[in-house]
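The values are calculated or read from the model by the stated rules, or taken from the named source; none is laboratory data. For clarity, every value in this text was computed on a predicted model and none was experimentally measured. All Cβ positions, glycine included, derive from the backbone under ideal geometry; neighbour counts span all protein chains shown. Side chains are part of the model used for accessible areas, which takes the heavy atoms of the whole protein and leaves out ligands, DNA and RNA. Shrake-Rupley method; radii C 1.70, N 1.55, O 1.52, S 1.80 Å.
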Amino acid sequence: MRRDEVKILVVEDEEIIRLMFQQTFESWGFKVDVAENGKDALEMCHQKKYQIVVTDLNMPVMDGMELLKRLKSKWPNIEVIVITGYATIESAIEAMKLGAYDFILKPVNFDHVQFTMNKCYSKIRAEAENQELRQANMQLLELNEMKDKFLYITNHEIRTPLTIIKGYIDVLKNLVQNPNEELSETMEILDETTEELNELVDRMHLLEALEHGKIMAKNELVDLKIVLTKVYREVAKLFKQRQIELKVVVDKKPLFIRGDYRQIQLVMRELLQNALKFTPDRGNVMVRLELRNDKVYYSVKDSGIGIPFDKQKVIFDRFYEIQEVVNHKTSKDEFMGGGLGIGLSMVKEIINTMNGDIELISEPRQGSLFKIILPITQPQFESGMASQDKDLSSKAG
Amino acid sequence: MDSKSKDVLICEDCRLQLQDFESLLSFIRSRLDVIGTSIYLLENNWSDKTSDPGKYFKKINDEMELIRKLINI
C-alpha cells in the first residue's frame with residue numbers, strides 16, 4: 001500500500017490546529033480529510049474508508065474518547081491516534097486501553113508526530129501485504145485443487161468412457177453398409193473428435209509425468225533420419241493441402257541419438273505441426289537435420305506469423321498459445337488452428353529429459369525458427385549396447 | 001517494497017492459470033457437444049434398416065453423460 005493510498009481523518013475542533021495537521025500530513029504524502037468533532041467524524045467514516053483517524057480528545061458535541069469507542073466497535077481495523085492537551089498520562093492510558101494505536105501530546109512536537117505516523121503507516125502496509133499474501137495463497141490453493149482434480153479426471157476418469165465411446169463408434173461404423181455421404185461425414189467428425197479428446201488425455205498425462213519425473217523414458221538407439229521420414233510422411237499431406245512448401249534437408253552423416261523413439265517422434269511432429277498452424281496458406285517451412293560439433297540440430301523454420309518479443313519467454317509455458325482467441329480455428333491443421341498450448345511445453349520437457357536444448361529465434365510477422373540440439377551418439381561405439389538398453393527415469397523440471 | 005510487486009505477480013499468474021484450466025474444460029465440453037450432435041444426426045439419418053444401432057447410441061450417450069458429470073468442476 002502506497003502512502004497516497006492511506007486516508008487520514010483529522011478530528012480537531014480548533015481550526016488552526018486542524019489545518020496545521022492537514023497540511024503537515026499532506027506534505028508527508030497522505031490523503032487527508034478533516035472533521036470538527038466526533039459526530040461529524042463518525043458520519044464521514046460511514047461515507048469513506050479511512051485507515052487512520054487522528055483525533056483530539058477534548059471536543060464539543062462528541063469527544064475523542066467516545067469517538068474512539070465507537071470507531072473501534074464498528075471498524076476495529078482503523079488505527080486511532082489521540083491528541084491530548086491535558087498532558088495527563090491517565091487519559092492517554094485510557095485511550096490505549098480502548099484500542100488507540102498511540103497518542104500525541106500537546107504542544108505538538110512534529111518530529112514525534114512524524115515518527116508515530118511512520119510507525120502506524122508501516123503497520124498498515126504490513127497488514128495490507130499480509131492480506132495480499134493470504135489472498136495469493138488462497139488462489140494458489142484453489143488453483144492446485146482445480147489442477148489436481150482436472151489431471152485426475154483427464155488421466156484416470158475420462159480415459160475409460162472415451163475408450164468405450166470410441167469402441168461403440170467403431171461398432172456403428174461396422175454396422176453401416178454402404179453409408180451415404182452424410183453418414184460418412186458424420187462418422188468422420190466422430191472419429192476426429194474422439195481422437196482429439198484422446199490426444200488431450202494422452203498429452204496431459206505425458207506432460208504431467210514428464211514434469212514430475214514419473215515417466216520411464218526408454219534409452220534406445222534412435223536413427224533420427226528414420227524418425228523424420230516417418231513424421232514427414234504423416235504431415236506432408238497436410239502441408240500440401242494448405243499449399244505450404246515443405247523443404248527437408250538432411251545431413252548425409254549418420255544421425256543417431258540415445259532416447260525414447262516415441263518421444264522424439266512426438267517432438268519432431270509437434271514442431272512441424274506448430275509450423276503448419278502458424279504459417280499462412282502458400283507459405284514455406286524448412287526443416288533441417290544436421291550434425292554440428294558432435295551435436296544433432298533439428299530445426300524447423302517457418303514463414304509464419306512469428307512470436308511477439310515479449311511472448312517469446314512464455315512460449316514454452318503450459319497452455320500458452322500465441323494467437324488471439326478470435327483467430328483460433330477449430331481444426332488444428334488450419335492456419336492458427338486449434339490447440340491447447342501444451343505442445344511446446346511438452347517438447348521442452350522431453351528435450352530436458354534428453355539433456356538437450358531448445359532455442360527459438362522469432363520475428364513478428366517474419367516467422368519463427370525452432371532449434372532442437374541433442375547430443376550425438378556414434379552407433380559404431382555402441383556395438384552390443386542396443387541389447388543393454390535400459391529404462392531411465394527422466395529427471396524433468 | 002519489492003515483495004509487494006512479487007505478491008501481485010503471483011496473483012496474476014494464478015488468475016491466468018485458472019483461466020487456462022477453464023479453457024481446457026471448455027475444450028472438452030465443446031468436443032462432447034460435437035460428439036453429441038454427431039450421434040444425434042447419425043441416429044436420425046441411419047439408413048440401414050437391417051441393423052439395430054439403438055443400444056449403441058444409448059451406450060455412447062450414457063458414457064458422454066458420465067464425462068459431462070466428471071468435468072462439472
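Can you pull out the residues in region A:143-168 that are at pLDDT 75 or above and more than 7 Å from chain B (Cβ to nearest Cβ)?
A:ARG159, A:THR160, A:LEU162, A:THR163, A:LYS166, A:GLY167
In the list A:ASP281, A:ASP302, A:ASP357, which residue meets the criterion of being at pLDDT 90 or above, farther than 20 Å from A:GLU220 by Cβ and buried (at least 21 other Cβ atoms within 10 Å of the Cβ)?
A:ASP302
Of the residues A:ARG203, A:ARG134, which single one is closer than 30 Å to A:VAL267 by Cβ and among the basic types (Lys, Arg)?
A:ARG203
Does B:LEU18 meet the test of being under 23 Å from A:VAL201 (Cβ atoms), at pLDDT below 75 and either open to solvent by less than 50 Å² (accessible area, probe 1.4 Å) or assigned to a helix (DSSP H, G or I) (or both)?
yes
Does A:LEU140 satisfy the condition of being farther than 22 Å from A:LYS7 by Cα, of a type in the set (A, V, I, L, M, F, W, C) and in contact with a helix residue (DSSP H, G or I) (Cβ under 8 Å, 6 or more places away or on another chain)?
Yes: the conditions hold for A:LEU140.
Here are the criteria: (1) modelled with pLDDT of 55 or more; (2) of a type in the set (D, E, K, R); (3) open to solvent by 70 Å² or more (accessible area, probe 1.4 Å). Tell me which single one A:ARG318 does not satisfy.
Going through (1) modelled with pLDDT of 55 or more; (2) of a type in the set (D, E, K, R); (3) open to solvent by 70 Å² or more (accessible area, probe 1.4 Å) one by one, A:ARG318 breaks only (3).
Tell me, which residue of region A:97-134 that is part of a loop (DSSP other than H, G, I, E, B) and over 18 Å from A:PRO76 (Cβ atoms) is most open to solvent (accessible area, probe 1.4 Å)?
Looking at residues that are part of a loop (DSSP other than H, G, I, E, B) and over 18 Å from A:PRO76 (Cβ atoms), I get A:PRO107.
Which count do you get for residues in region A:110-166 that are free of Cβ contacts under 8 Å to residues at least 40 places away in the same chain, within 28 Å of A:ARG203 (Cα to Cα) and not hydrophobic (A, V, I, L, M, F, W, C)?
Matching residues across region A:110-166 total 14.
Determine which member of the set A:ARG18, A:ARG70 is assigned to a helix (DSSP H, G or I), open to solvent by 50 Å² or more (accessible area, probe 1.4 Å) and not small (Gly, Ala, Ser).
A:ARG70
Do we find that B:ASP52 is within 23 Å of A:ASP170 (Cβ to Cβ), modelled with pLDDT under 85, open to solvent by less than 30 Å² (accessible area, probe 1.4 Å) and outside any helix (DSSP H, G or I) in this structure?
no
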